[in-house]
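The next block holds one structure in the form of structure tokens; read it before the comments.
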Amino acid sequence: MSWLERFARPKVRGFFRKDDIPQDLWEKCPACEQMIFHRELENNQRVCPHCDHHFRLDAVKRLDYLFDDGEYQTIELPKVASDPLRFRDRKRYQDRLRDARSETNQDAVVVAHGTIGGQSAVIAAFDFAFLGGSMGVAAGEALLSGARLAVLQDSAFIVVPASGGARMQEGTLSLMQMARTTVAVDELKEAHLPYIVVLTNPTTGGVTASFAMLGDVAIAEPGAVIGFAGTRVIEDTIREKLPEGFQRAEHLLEHGMIDMVVRRQDLRASLSRLISLLRDTPPTAQVVALNPAPANDQPE
């Protein structure tokens with residue numbers, strides 16, 4: 001072994017310990033596989049600058065991007081039975097909930113209120129990191145609470161789903177939330193308040209089959225997977241190959257299933273315009289009554 005290997009190399013390595021090198025400086029885009037500097041990714045709202053792939057967001061970041069200046073207040077949600085069926089598979093459901101809460105510091109849905117473009121709004125945002133954003137009793141209560149808060153505040157209600165569907169560990173109780181969230185949407189419509197859904201990747205299962213497709217306007221992020229059953233399940237059922245891009249946001253827009261595909265950087269401005277259009281505002285110009293035509297001018 002030469003003196004370079006015995007003396008120089010250990011000295012050089014001593015200046016650069018592995019502990020001094022952060023592990024999360026770069027992220028790899030799952031679409032184009034380009035390496036992106038973490039600060040550039042955050043400044044671009046976690047959208048790949050190379051291929052425009054929209055990374056998944058947690059609920060808190062979603063709220064930060066949508067509300068004016070990232071300022072909002074979350075609400076305390078009703079307490080529900082955490083494990084009504086005492087479900088257990090490879091792991092106890094209680095343990096899964098505890099682990100998910102420790103990783104995300106929240107539940108599957110976060111409800112907050114603030115302003116978008118200076119207009120009052122309530123947002124319910126799902127977090128896919130919490131058990132796949134699945135909809136259980138707690139999620140149903142969150143959506144119902146958000147809708148009722150919007151009615152109380154005379155605000156628009158915006159839901160941002162990111163979910164794999166109903167939560168299997170709660171059985172029929174989770175399926176009941178499809179009906180309960182539909183009731184929440186009906187309460188908004190009775191109050192003549194805007195209800196807007198922002199579909200993100202993925203929005204599937206019972207979430208798609210209930211409140212996610214009932215919005216006055218359905219917006220989707222580019223490339224979002226939106227559907228009920230998965231592509232493989234559908235292909236195995238009908239025994240046919242599905243078209244390219246099936247269940248992607250762009251495909252659904254082309255076939256009239258959604259109204260808009262909006263990039264994340266443009267989402268707040270688009271929501272602001274939609275809320276303005278959907279609110280019942282009085283006419284800005286004076287309404288002039290038309291004088292009835294004289295009797296002799298009326299056709300016989």
(message) Restricting to region 90-107, give me the number of residues that are touching a residue at least 24 places away in the same chain (Cβ under 8 Å) and part of a loop (DSSP other than H, G, I, E, B).
(response) 2
(message) Based on this model, can you work out whether F128 counts as part of a loop (DSSP other than H, G, I, E, B) and assigned by TED's automatic domain parsing to the domain that holds R273?
(response) yes
(request) Could you tell me whether Q73 is touching a residue at least 12 places away in the same chain (Cβ under 8 Å) and either more than 23 Å from D154 (Cα to Cα) or of a type in the set (D, E) (or both)? (result) no
(message) For the condition at positive phi and in contact (Cβ under 8 Å) with a residue 24 or more places away in the chain, what is the one hit in G206, G140, G146, G133?
(response) G133
(request) Return the residue satisfying two criteria in turn: it lies in region 96-105 and is more than 17 Å from V137 (Cα to Cα) and either surrounded by fewer than 17 Cβ atoms within 10 Å (Cβ to Cβ) or outside the structural domain of D127 (by TED's automatic domain parsing) (or both), and of such residues it is modelled with the lowest pLDDT. (result) N105
(request) Kindly check whether there is at least one residue in region 195-204 that is assigned by TED's automatic domain parsing to the domain that holds V109, over 12 Å from the mean Cα position of the chain (by Cα) and not hydroxyl-bearing (S, T, Y). (result) no
(message) Given the criterion more than 22 Å from L66 (Cβ to Cβ), within 16 Å of the chain's Cα centre (by Cα) and in the same structural domain as A249 (by TED's automatic domain parsing), identify the matching residue among A166, A142, A179.
(response) A166
(message) Under 8 Å between Cβ atoms, which residue pairs at least 6 apart in sequence (or on different chains) link something in region 29-48 that is among the polar types (S, T, N, Q) with a partner that is assigned to a helix (DSSP H, G or I)?
(response) N44/Q265; Q45/Y65; Q45/R264; Q45/Q265
(request) Answer yes or no as to whether D24 is closer than 30 Å to R264 by Cα, at pLDDT below 90 and charged (D, E, K, R). (result) yes
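The values are calculated or read from the model by the stated rules, or taken from the named source; none is laboratory data. Here the structure is a predicted model, which is why all the values come from computation and not from measurement. As a convention, Cβ positions derive from the backbone with ideal geometry for all residues, glycine included, and neighbour counts pool all protein chains shown.
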